[in-house]
Amino acid sequence: DPSSSSLTQDSVVPELPGFYYDSEKNRYFRLLPGHNNYNPLTKESIQYKAMECKRLRLLEEEEKQKKKTTRAGLNSSVLFQKRQLGLLSSTSYCRLVHELKVNCMQRRKIEIHSPDSSVAGTNNFKIIVADVACERIFTVNDVEHGGCKYGIINLSGLGKESLTVEMYDNLYFTNRKVLEKSLFSLTHFSKLCLMGIAETPGCASLLPASLFSSTNPGDRPGMLCSFKISTAWSCAWCLNPQADNCFSTGLTRRVLVTNVVTGHRQTFGTSSDVLAQQFATQTPMLYNGCRSGEIFSIDVRQRNRKGQSWKAIRLFHDSAVTSIRLLEAEHYLMAADMAGKIKLWDLRTAKCVKQYKGHHNEYAVLPLHVNEEEGLLTAVGQDCYTRIWSLQDAHLLRTIPSPHPASKDAIPSVVFSSRLGGRRGVPGLLMAVKQDLYHFSYN
């Protein structure tokens, strides 16, 4: 029976130790260890070839605009009709419209310009993060001698042919790698950067945005402050008025909360490394995600005393927690781990209420991007695919392949907003990979 023959070849071919099955040639090939000599038939090379074929196929489909809605019967005319009949609220209508637009986003490479022609397009993007208003993008780029440089992307030209990028060498830490960075909406648009390299102690530095945007390098002010710290994994700045001069760093088996005005430090011991942190804005609570899989909160107003329990809310994942994000009302917390699981926790009941499937991660510290107004969750996996889910029902809306072959040093960094460039900005997704910047725009 031809159908049973094809079934055997595609799905129930037995695995033989030391061999792999090639479906195209319909035969087994021996696998040889490729530690010290080049061998094209290793398990890793075969997996990479399969992944690369899949990526190229998806890119080709995107070029041909083979877009299909992820929900049966969902299109713009049906949505408009239901809205006119009163079957959809304005919130649900806007959310579903964003879902449709996400599936139709088209990729466009952006030409990067810089005041220094030798800087533009010569260094790989490491991280891009938008300010709260999405008016500007803060960038961290690798440089050849092993350090990093920072820059500001001006999004005012996003709807035009080119995007203007102003990028300057950092004058203070050119020999250090940026391990983690957070961007905050303060009146002076300052940034908290956690920097360090494996051989030396790290430091947390507060840098003014004017350090990067001034046209005259001689007028640029120095950094606001810098604090030496031991080996650190994460950092966060507090925007709550009761502790708005404080920042936290997640260290090896402890949390360090520092007041930047007085220099006072408070230490909270933990049983595991703290890989992710975020402060609440409505209350002076600090949420921490650990390598052990535990998530706990700390009230930074209390003093740490021996024998006193200071952990408030406690949640548990089965693997190391790499990213946490509080939702706007701060009743829910989104967390991702190194098992590739993304969970939405109800902080009032300490229970998982939703799980977003499809994310891929095994060992990397990868961020989550939550856009509540649009009802979307975005995450880039270790496999270099960018995935977008519906916040409402955890439905996977779109999987975007990277324009570059997948590798550890080519994991995309993304920013999504319906107002890229500010109040009158354009909606879409920005993606930085290697030396290139891409804009996925709404139709």
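The values are calculated or read from the model by the stated rules, or taken from the named source; none is laboratory data. The structure presented is a predicted model; accordingly, all values stated were derived computationally and were not measured. Glycine also receives a Cβ, built like all others from the backbone with ideal geometry; neighbour counts cover every protein chain displayed. These accessible areas exclude ligands, DNA and RNA; they are computed on the full protein's heavy atoms, side chains included. Shrake-Rupley method; radii C 1.70, N 1.55, O 1.52, S 1.80 Å.
What to note about this one:
- Shown are Val255, Val300, whose ranking by accessible area with a 1.4 Å probe and every protein chain present, most to least, is Val300, Val255.
- At full extension, Glu328 and Ser23 could sit 104.9 nm farther apart than now, given 0.36 nm per residue minus the alpha carbon distance.
- Scanning residues 5 or more positions from Leu31 or on other chains, those with amide H under 5 Å from its amide H are Phe19, Tyr20, with H placed 1.01 Å from N in the peptide plane.
- Neighbourhood net charge (13 Å Cβ-Cβ; Lys/Arg +1, Asp/Glu -1) for Arg253: 0
- In this structure, the amide hydrogen of Ser323, modeled 1.01 Å from its nitrogen in the peptide plane, lies closer than 5 angstrom to those of Ala336, counting only residues at least 5 positions away or on a different chain.
- Inter-label distance, nm, simple model (7 Å from Cα along the C-beta direction), Arg30/Asp299: 6.9
- Pair Glu362, Val13: separation of 7 Å Cα→Cβ label points (nm): 2.1
- You can think of it this way: the chain between Ile313 and Leu87 has 77.5 nm of extra reach, that is 0.36 nm per residue less the Cα-Cα gap.
- Multiplying the residue separation of Glu373 and Thr267 by 0.36 nm and removing their Cα-Cα distance gives an extension gain of 34.6 nm.
- Cα-projected label distance for Leu74 with Lys351, points at 7 Å along beta-carbon direction, nm: 2.6
- Sequence-distant residues sharing a close amide H with His317 (under 5 Å, placed H): Glu294, Ile295
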